[in-house]
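What follows is one structure encoded as structure tokens, with my remarks underneath.
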Amino acid sequence: MTFAAASEWDDQSPAPRSTLHRLAPIGIGTPQVEALTSYVMRLAASHALPVGSLAVDVVGPELGRTRVYGDQRTDRASFFKSAIYRDAHTLNGHGEYAARWAEAIGRLVLRDELGELTMLSWRDMVPERGMLRRHLAVCPLCLRDQENERGAIYEPLIWSVAAVNACAIHDCLLLGTCPHCGIQPPPLSWHAKAGHCRRCSGWLGVDDPRERTPGDRDRWVSGSIARLIALSAKDRRRVGTTAAVMEEAISRAGGTAAALARATGRSPGLISEWRHGSVAPTLQSLLLISAAARLDFVALVRGEAVDDPSPRPPQVTTAIEPRTVIDWTRVREQMEAALTADPPITVSALHRTLEVDRQTMRERFPDLADKLVVRRRAWAARQTAERRMKLVDAVHQAVRAIRDGGDHPSRRRVEARLPAGVSLREPVLRAAWREAVGGAASA
Ligand SMILES: [Zn+2]
Ligand SMILES: [Zn+2]
């Protein structure tokens, strides 16, 4: 049987034929709808391809990468770097990037519903700012259920919303750190597999010994976002203005912008910008307003002020922040730990791991940053000195061995005995060689 014959099974209709398998997306129309990143991983797996190859060799050309990235010289590696590492979390959002990927993959699999695996239909309701989680977070119990039911392993879209910290189905907190290797896994990687750590490939549907019961606030947020995700396609649109709902929210919070500012933990200036429609409230802010003013969250997102008398979690205010907020205690701890790491970690490696830019880190902890730099430099200098000593030794030994064999220790003969890539062009080594042959050497 030929491959062509086998692939006909994937597609019942005679024509047209899809380039990639017509993999069905999971859970469309439900709060557990699959994320586009998850679909990409499953699609790659169904072709026995790494996600990286699928992205670079198949989706990249389909995207017309020059239009997206504007650089004709963009090579494979840097396309992948920007597509999969830097911007991967935005694949599930509602920006240009999500739109293009959903379209491109849709053409490859002949499906037009892949936008449902992103937040594209929220575009007019809520800005993307702060909405997306930059790292992977999973519900280990959801993954375990999928495994037990022997269904496809997939990652729901709701896990990529930064404000969501709990699973509404299992009433447990999401897991954001890999229990095997201890990192916060990125959303994708070259060999990413749904339900597995992107770095160590460890299975994330694990028992987690930590206390994982969510608080009322996390429960309420998860439930609210689940309702937003499950909103039917025709209802995912704005019906009113932010300005109008803000007036209602202000009157419910005590009648003044200052009262709403206190109740939501936002600045009075920001409240006034919402009121005048110059800035749209983020998803986090909408959650805060909903909680403070007892307005239905989903209606609020659509620009409607609808009373919601259901009980509100206490202290729902400022703690609803995306987890992208910098945890300075953790940064300091990691910097301190780096001070005793052997070999010393570079400051740039550290700020990449912590996702804090170098300048911010320096401004916040100048002493620690200086110490790290000094320590790394000292280590690098020691490494260089050690290498030199070893090579000088090697030159001396080579000269001796060549002489013992009855030959003249010429430059060529000595270099032939040195490690690959090492030559007597290095001044220290040339000096050692000259000294060893008694100053009589000629280059
Ligand atoms: Zn769950
Ligand atoms: Zn891991």
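The values are calculated or read from the model by the stated rules, or taken from the named source; none is laboratory data. Quick caveat: nothing in here was measured; it's all calculated off a predicted structure. Reconstructed Cβ throughout: ideal geometry from the backbone, glycine too, with neighbour counts over all protein chains shown. Remember, those area values only see protein heavy atoms, side chains included, never the ligands or the DNA or RNA. Shrake-Rupley method; radii C 1.70, N 1.55, O 1.52, S 1.80 Å.
Run the helix sum for the chain: -39,500 (n - 2.57) per DSSP H stretch of 4+ residues, divided by residue count, reported at 222 nm to the nearest 500 deg cm²/dmol.
Mean residue ellipticity at 222 nm (helix-derived): -13000 deg cm²/dmol.
Percent of accessible area on the chain owned by carbon and sulfur, 1.4 Å probe?
Heavy-atom surface of the chain belonging to carbon and sulfur, 1.4 Å probe: 51 percent.
Apply 1/(1 + (r/R0)^6) to the Cβ-Cβ distance of ALA431 and LYS234, taking R0 = 60 Å, and write down the FRET efficiency to the nearest 0.05.
Efficiency, rounded to the nearest 0.05: 0.15.
About its Cα centre, what dipole magnitude does the chain give when the only charges are +1 on Lys and Arg Cβ and -1 on Asp and Glu Cβ, stated in debye to the nearest 20?
Result for the chain is approximately 1920 debye, rounded to the nearest 20.
Between ALA24 and HIS276, what is the spin-label point distance in nm, taking each point 7 Å from the Cα along the Cα→C-beta axis?
Using points 7 Å along Cα→Cβ, the separation is 5.3 nm.
Using modelled amide H (1.01 Å from N, peptide plane; none on Pro or chain starts), what sits under 5 Å from the amide H of CYS172, excluding residues fewer than 5 places away?
CYS167
Hey, can you rank 144-154, 257-267, 90-100 by average C-beta count inside 10 Å, highest first?
Ranking the peptides 144-154, 257-267, 90-100 by packing returns 90-100, 257-267, 144-154.
Pop out the Kirkwood hydrodynamic radius of the stretch 151-270 from its pairwise C-alpha distances, inverse of mean 1/r, in Å to one decimal.
17.6 Å
How many Å² of accessible area per residue for the stretch 211-255, probe 1.4 Å?
That works out to 47 Å² for each residue.
Report, ordered by chain and residue number, the lysines lying within cross-link reach of LYS390, taken as a straight Cα distance under 29 Å and ignoring same-chain residues fewer than 8 apart.
Output for LYS390: LYS371.
Could you give the alpha-carbon Rg of the stretch 76-203 over 2.2 N^0.38 Å, rounded to two decimals?
1.07
Would you grab the residues whose amide H sits under 5 Å from the one on ILE28? Only those 5+ places off in sequence or on another chain, please, with H modelled 1.01 Å from N.
GLU34
Give the relative contact order (percent, whole number) for the chain; include only Cα pairs under 8 Å separated by 6+ residues.
The value is 12 percent.
What does the charge dipole of the stretch 131-190 about its Cα centre add up to, to the nearest 20 debye, if the Cβ of each Lys and Arg holds +1 and the Cβ of each Asp and Glu holds -1?
The dipole magnitude comes to about 220 debye.
Based on the alpha-carbon gyration tensor of the stretch 190-237, what equivalent-ellipsoid semi-axes (square roots of 5 times the eigenvalues) come out, in whole Å, largest first?
Over the Cα atoms of the stretch 190-237, the semi-axes work out to 29, 20, 7 Å.
Throw me the Rg/Rh for the stretch 233-294, computed over C-alpha atoms with Kirkwood Rh, two decimals.
0.97
Peptides 177-184, 400-407: what's the order by average Cβ count within 10 Å, highest mean first?
177-184, 400-407
State the cysteines of the chain left without a partner when partners are defined as other cysteines whose beta carbon lies under 4.7 Å away.
When partners are defined as cysteine Cβ atoms under 4.7 Å apart, the chain leaves CYS172 without one.
Work out from phi, with θ = phi - 60° and the Karplus expression 6.51 cos²θ - 1.76 cosθ + 1.60, the ³J(HN,Hα) of each residue of the stretch 390-404, listed in order in whole Hz, and give x for Gly and Pro.
4, 6, 4, 4, 4, 5, 4, 4, 4, 4, 4, 4, 5, 5, 4
Taking every alpha carbon pair in the stretch 335-402, what does the distance histogram look like in 5 angstrom bins from 0, in percent?
In whole percents, the pair-distance histogram is 3, 16, 21, 17, 10, 8, 8, 6, 5, 4, 2, 0.
Whenever you get a sec, line up ASP308, ASP327 from highest to lowest accessible area (probe 1.4 Å, protein heavy atoms). Display every interim value, and only then the final one.
Numbers: ASP308 25, ASP327 80 Å².
Most to least solvent-accessible, the answer reads ASP327, ASP308.
Using only the alpha carbons of the chain, what is the convex hull's orientation-averaged projected area in square nanometres? Could you put the intermediate results ahead of the total?
Details: hull surface 127.3 nm².
Across all orientations, the chain yields a mean hull projection of 31.8 nm².
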